1. Could you work out how much longer the chain between Q127 and A70 gets when fully extended? Use 0.36 nm per residue separation minus the Cα distance between them, nm to one decimal.
2. Simple spin-label model, 7 Å along Cα-to-Cβ: K37 to K107 in nm?
3. Can you tell me the FRET efficiency between I13 and F77 if r is taken as the Cβ-Cβ distance and R0 is 25 Å, rounded to the nearest 0.05?
4. Please give, to one decimal in nm, the separation of the simple spin-label points placed at L136 and D57, each 7 Å out from Cα toward the Cβ.
5. Assuming R0 = 30 Å, can you tell me the calculated FRET efficiency for the pair F24 and K114, based on Cβ-Cβ distance, to the nearest 0.05?
6. Among K107/K128; K110/K131; K64/K115, which pairs are too far apart, with a Cα-Cα distance over 24 Å?
Amino acid sequence: MDIFNFLQNETFIFYAAAFSVLFFLIGIILVPYVILKIPHDYFSYSSKKEYFSRKRDIAVYYVKMALRNAAALLLFFLGIILLVVPGQGLLTILLAFLLADIPGKYKIEKYLIKKERVYNLLNRFRQKYGKKSFILPED
């Protein structure tokens, strides 16, 4: 069976559409939840390790990091599959990047939060739900 005939299979199309809708709904629910769960002082530290070493048990941090990286790897491969079939492949890969604990990611997050439009948008959203505004990084 070649790939073109496989992509025209009705069962495959149904499941691909169902996964697309599912990931779209998950994205709509998950993104606001994550924005509200980020502590207001998360971006004020010079490194992510410094934040976690001051706030939490470091052993718990490493266990959570391993679980998050495993989930991110799964989402990354699912995103690659969704690039071929109808679905949110790029969005799933982006979610995997956000979930993973990779070197340099915290610097990228801090760079993005320093953008005035991003900072204001996220803080307006947080204030709407009674959360404190993010503290901008000093460096």
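1. Once the chain is fully extended between Q127 and A70, it gains 17.3 nm.
2. 2.7 nm
3. E between I13 and F77, to the nearest 0.05, is 0.75.
4. Distance between the two pseudo-spin positions: 3.8 nm.
5. Using R0 = 30 Å, I get an efficiency of 0.55.
6. With Cα atoms farther than 24 Å apart: K107/K128; K64/K115.
Every read-out reported here was derived from the displayed coordinates using simple, explicitly stated rules and does not represent laboratory data. What you see is a predicted model, and the numbers here were worked out from it, not measured in a lab. With ideal geometry, Cβ positions are generated from the backbone for all residues, glycine too; neighbour counts draw on all protein chains shown.
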